[in-house]
Amino acid sequence: MLNEFLISGILMGFASGISPGPLLAMTISESLEHGSRAGIKVAVSPFITDILIVSIILLFLLEFENYDSVIAMISIGGAFYLIYLGISSLKTKNINLELETKKTDSLKKGIIANFLSPHPYLFWIAIGGPIIFKAQDTSIFSAMLFVAGFYGLLVGSKIIIAMLVGRSRTFLKNNYYLYTIRSLGLVYMVFAFYFLKQGLELLN
């Protein structure tokens, strides 16, 4: 039986990996301009940047782990953030990432873009951090499975997109990609309900 936190990590990682955002835009831009290998270098940048980002955020959240009201408000905030992401995915009509093609140095550009993007900070404060703390109540192995599932699909999905874009520039216009993004809006909504329920339970 698959661990529930591994499944959560896989779903959240996949949803984050294929949804339009700064890092995906750069992955596609580098793939178009310099080939799939350059796009893949951008795609793997979270493996470098997020070690620091996640460590700092988890240390911050540890200060409030025993304060149910604070964790409750973070969970409720996470629920609203997920609802926003879900609505954005459901309303997606076309893939317009405002691509820019500049000189290569793909890995460095990916690292800078991810550090400056608000998405990893928002995710780990409002969503990833609380899930890890809940997973630790089960076992440290469950927390590790969530992280492995999340980054495996976050990075893996971007690598696949880089390979597809490098081979065929019509990929972004494919309706299957658009429909996948829209359907993931429902996944966000399910997680939003879970976070809202957890937050309200902590408040009560």
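Order these peptides, 19-31, 41-53, by their mean beta-carbon neighbour count within 10 angstrom, highest first.
Descending mean neighbour count gives 19-31, 41-53.
Using the C-alpha gyration tensor of the stretch 12-84, what are the square roots of 5 times its eigenvalues, in whole angstrom, with the largest one first?
Numbers: eigenvalues 212, 49, 10 Å².
That gives 33, 16, 7 Å for the three semi-axes.
Could you give the length gained on full extension between I48 and D105, defined as 0.36 nm per residue of separation minus the Cα-Cα distance, in nm?
Details: separation 57, 0.36 × 57 = 20.52 nm, distance 1.53 nm.
That works out to 19.0 nm of additional length.
What is the magnitude of the charge dipole of the chain about its Cα centre, with +1 placed on the Cβ of each Lys and Arg, -1 on the Cβ of each Asp and Glu, and no other charges, expressed in debye to the nearest 20? Could you put the intermediate results ahead of the total?
Working: 15 positive and 12 negative charges, 207 e Å.
Dipole about the Cα centre, nearest 20: 1000 debye.
Would you mind getting the Kirkwood hydrodynamic radius of the chain from its Cα pairs, rounded to one decimal in Å? Could the numbers behind the result be given before it?
On the way: mean 1/r = 0.0573 Å⁻¹.
After inverting the pairwise mean of 1/r, the radius is 17.4 Å.
Every number in this text was worked out from the coordinates using simple rules, so none of it is lab data. Keep in mind that this is a model prediction, so the values were computed, not measured. Note that each Cβ is placed from the backbone with ideal geometry, even for glycine, and that neighbours are counted across all protein chains shown.
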